[in-house]
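The values are calculated or read from the model by the stated rules, or taken from the named source; none is laboratory data. Since we're looking at a predicted model, the values are computed, not measured. When we count neighbours, we look across all protein chains shown, and the Cβ atoms used for this are built from the backbone with ideal geometry, even at glycine. Note: accessible area is taken over every heavy atom of the protein model, side chains too, but ligands, DNA and RNA are not part of it. Shrake-Rupley method; radii C 1.70, N 1.55, O 1.52, S 1.80 Å.
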Amino acid sequence: MAKERIALYPGSFDPTTLGHLDIIRRGAKLVDRLVVGLAINTGKSPMFTLEERTEMLSYEVEKISKEVGTKIEVHGFQGLLMHYAEKIGAQVIFRGLRAVTDFDYEFQMVGMNARLNSEIEVAFLMASEKHQFIASRLVKEIAHLGGDIASFVPKLTLERTLVRVAEARRQAAAG
Ligand code: ADP
């Protein structure tokens, strides 16, 4: 039997967007097993805890897994990306590319990571035209400013984000 093809798709997923799900669906079609790695150390103060992010993402991923027929798992990870990729036996890391703005950072990362482990490839995927511009950071900003984020995130994430924004408003008002 051919060796199982395993990919890692890392990110902070704070929160999950339709852009992420688009990349996951595309990536899942290319491998036997896809591990979505939730970065525990985001370096930013996240809107959602690791548990909350995991729950929202797992809910969406289960549907994609059934649809595509590929095993997809969601796990938190800490430390160096390459170490985690090695640990799970991934041969490839998927990254999503949006505009040129992502390219510069990713270009550098690939170069550095290749020095750490040249056996693991990094493959870039692009979301469909209507999902390409979506970014978690902007989704959060728009939600905090009272804008409609319904076309950027899946339903469960929308509900949870609106609850979080309302909580933040109440805290600010009380405070
Ligand atoms: P963000 O950059 O939106 O805060 P993440 O850090 O969770 O989100 O991103 C994880 C990966 O998903 C990165 O490779 C990022 O470039 C990619 N990604 C995020 N949103 C999109 C999108 N709309 N289209 C393509 N790739 C995306």
So, in region 35-60, exactly how many residues are outside any loop (DSSP other than H, G, I, E, B) and either open to solvent by 30 Å² or more (accessible area, probe 1.4 Å) or in contact (Cβ under 8 Å) with a residue 40 or more places away in the chain (or both)? 13
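Considering region 83-108 alone, what residues qualify as being over 19 Å from I23 (Cα atoms) and exposed (fewer than 15 other Cβ atoms within 10 Å of the Cβ)?
Filtering region 83-108 for residues over 19 Å from I23 (Cα atoms) gives 83-84, 86-89, 104, 108.
Within region 83-108, H83, K87, G89, D104, Q108 meet the criteria.
Take A135 and decide whether it is modelled with pLDDT of 90 or more and open to solvent by less than 30 Å² (accessible area, probe 1.4 Å).
Values: modelled with pLDDT of 90 or more: yes; open to solvent by less than 30 Å² (accessible area, probe 1.4 Å): yes.
Spelling it out, A135 is indeed modelled with pLDDT of 90 or more and open to solvent by less than 30 Å² (accessible area, probe 1.4 Å).
Quick one: which of L162, L156 is open to solvent by 80 Å² or more (accessible area, probe 1.4 Å), at pLDDT 95 or above and not polar (S, T, N, Q)?
On the way: L156 fails: open to solvent by 80 Å² or more (accessible area, probe 1.4 Å).
One residue alone meets the criteria, L162.
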Residues within region 1-58 that are charged (D, E, K, R) and within 10 Å of the ligand (Cβ to nearest atom), tallied: 5
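Can you go through D14, D22 and tell me which one is among the acidic types (D, E) and in contact with a Phe, Trp or Tyr (Cβ under 7 Å, 6 or more places away or on another chain)?
Every option except D14 fails the conditions.
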Filter result (hydrophobic (A, V, I, L, M, F, W, C) and either modelled with pLDDT under 95 or open to solvent by 20 Å² or more (accessible area, probe 1.4 Å) (or both)) within region 1-34: M1, A2, L18, L30
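Let's see how each residue does on (1) aromatic (F, W, Y); (2) over 22 Å from E51 (Cα atoms); (3) within 12 Å of the ligand (Cβ to nearest atom):
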{"residue": "Q91", "(1), (2), (3)": "no, yes, no"}
{"residue": "D102", "(1), (2), (3)": "no, yes, yes"}
{"residue": "E106", "(1), (2), (3)": "no, yes, yes"}
{"residue": "I120", "(1), (2), (3)": "no, yes, no"}
{"residue": "L125", "(1), (2), (3)": "no, yes, yes"}
{"residue": "Q132", "(1), (2), (3)": "no, yes, yes"}
{"residue": "H144", "(1), (2), (3)": "no, no, no"}
{"residue": "L158", "(1), (2), (3)": "no, no, no"}
How do the pairs read when you match residues in region 129-142 that are under 15 Å from P46 (Cα atoms) with residues anywhere that are small (G, A, S) and within 6 Å of the ligand (Cβ to nearest atom), using Cβ under 8 Å and keeping only pairs 6 or more apart or on different chains? A135/G19; S136/S12
